[in-house]
Amino acid sequence: MITHLKGREKVLESFGWTGRKAEWIALVCLHSGVFTRAQATRFLDTHHERARRLVLALIRRGHASEETVPGIRGIGRVCRIYARGLYRALGAEHVRHRRKASPEVLLRRLLSLDYVIEHSDLPWLPTEQEKVAAFEALGIERDLLPVKVYRGAVGATRRHFPLKLPVALDSARALFVYAEPGHDTATALRSWGKAHAELWRALRDRGMSSEIVAVARTTRELERARRVTRGWAERAGTGEPDPGTQQELARIERAILQGAVNVLEEFGGLQAALKRSIALERRASRLARLGSIDRGLVWQTVRLQGARYR
């Protein structure tokens, strides 16, 4: 059983899909919309011929198509689940996964799915709505989440976590996956990190750790991602508290020196104010030394290693 699906695969019974196949279809729809036969074979732990029959059944029922994608070499044909009814039943009717995409976006989706396949037991937040709701439940405002504004004929639409990359969250840790589709530089990775920086700081303020996993195909891409994420995790800083912490520390210090009982009472008395001061200094010292994230990792795909686009 894949816990983060929350039983959503059951709704696919009305479409004729049950058991492990229903789990696979739900997983694909929620995380990527596309998959290769090799990925299906791995997840279903079966022979490639049975994966072929699954693809043919999806096509026959009008749920998917399979084609060799122009611009991508080295992975064979890609199956795209496009049936709107499946997505609607799963509560993801408006996700763009079911639509055709550029080779870069398609490869990013396949890489994301590949990581989720190998780590399906993690508490993933598959949809934009689930990601936003989970972080808001921690008291993190939407303004701190990565966002992109799409402008159309009917107005502007704000999409949070616009790249739709995997995010897992539990009570102590948030795990963010970045899929590297094969860019020549780390510009896109750095831009993605910048968009998440405020969220990572907000998580740290709540005593939670942030970890990054960069998923890539080649050693060169992995080493480049490792250098960038290592820099985000390195200890650095001035050693000085942030302005808000400085003000609170100064207020406590003045109250103690001046004997301002009314101010000290706001903290619960002299002893409580002293404890608060010590806690603030320790927290400020810890935060000043830390980088943007707690840990940066890399993960190399096997099934998509030979993929090339452009």
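The values are calculated or read from the model by the stated rules, or taken from the named source; none is laboratory data. What you see is a predicted model; the values in this text were computed from it and never measured. In this analysis, Cβ positions are derived from the backbone assuming ideal geometry, glycine residues included, and neighbour counts consider all displayed protein chains. Heavy atoms of the whole protein, side chains included, go into the accessibility calculation; ligands, DNA and RNA do not. Shrake-Rupley method; radii C 1.70, N 1.55, O 1.52, S 1.80 Å.
Results, tabulated for the structure shown:
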| item | result |
| --- | --- |
| Restricting the stretch 174-187 to residues that are β-branched (V, I, T) and open to solvent by 30 Å² or more (accessible area, probe 1.4 Å), the residue that is farthest from the chain's Cα centre (by Cα) | T185 |
| Single match in R159, R142, R190 (criterion: in contact with a strand residue (DSSP E or B) (Cβ under 6 Å, 6 or more places away or on another chain), free of Cβ contacts under 8 Å to residues at least 40 places away in the same chain and open to solvent by 30 Å² or more (accessible area, probe 1.4 Å)) | R159 |
| Selected residue [β-branched (V, I, T) and over 21 Å from R8 (Cα atoms)] from V34, V78 | V78 |
| Residues satisfying the stated conditions in the stretch 102-119, i.e. among the small types (G, A, S) and surrounded by fewer than 17 Cβ atoms within 10 Å (Cβ to Cβ) | S102 |
| Top-ranked residue of the stretch 210-260 - restricted to ones that are closer than 28 Å to S171 by Cβ and among the polar types (S, T, N, Q), ranked as modelled with the highest pLDDT | S210 |
| Some residue of the stretch 25-47 being of a type in the set (G, A, S) and more than 29 Å from A214 (Cα to Cα) | no |
| Conditions (1) over 15 Å from the mean Cα position of the chain (by Cα); (2) surrounded by 14 or more Cβ atoms within 10 Å (Cβ to Cβ): number failed by G207 | (2) |
| Selection from the stretch 120-129 of residues that are among the charged types (D, E, K, R) and open to solvent by 60 Å² or more (accessible area, probe 1.4 Å) | D121 |
| Residue list for the stretch 35-49, restricted to those being under 16 Å from E66 (Cβ atoms) and outside any strand (DSSP E or B) | R37, A38, Q39, A40, T41, H48, E49 |
| Filter result for S171 (buried (at least 16 other Cβ atoms within 10 Å of the Cβ) and of a type outside the set (A, V, I, L, M, F, W, C)) | no |
| Residue within the stretch 272-282 that is assigned to a helix (DSSP H, G or I) and modelled with pLDDT of 90 or more present | yes |
| Filter result for L165 (in a strand (DSSP E or B) and at pLDDT 95 or above) | no |
| Some residue of the stretch 1-16 being within 16 Å of A51 (Cα to Cα) and open to solvent by 10 Å² or more (accessible area, probe 1.4 Å) | no |
| The stretch 130-139 - residue that is without any contact (Cβ under 8 Å) to a residue 24 or more places away in the chain and surrounded by 12 or more Cβ atoms within 10 Å (Cβ to Cβ) and, of those, farthest from K194 (Cα to Cα) | E130 |
| Hits in the stretch 145-156 (condition: surrounded by 10 or more Cβ atoms within 10 Å (Cβ to Cβ) and modelled with pLDDT under 95) | K148, Y150 |
| Candidate set from the stretch 50-78 (those that are modelled with pLDDT under 95 and in a strand (DSSP E or B)); member that is farthest from G91 (Cα to Cα) | R73 |
| Matching residues, the stretch 53-91, being in contact (Cβ under 8 Å) with a residue 60 or more places away in the chain and open to solvent by less than 10 Å² (accessible area, probe 1.4 Å) | L86, L90 |
| Neighbours by Cβ (under 9 Å, 6+ apart or cross-chain): first from the stretch 7-25, within 20 Å of I59 (Cβ to Cβ) and in contact (Cβ under 8 Å) with a residue 24 or more places away in the chain; second open to solvent by 60 Å² or more (accessible area, probe 1.4 Å) and not β-branched (V, I, T) | L12/K21; F15/R61; G16/R61; R20/D45; I25/F15 |
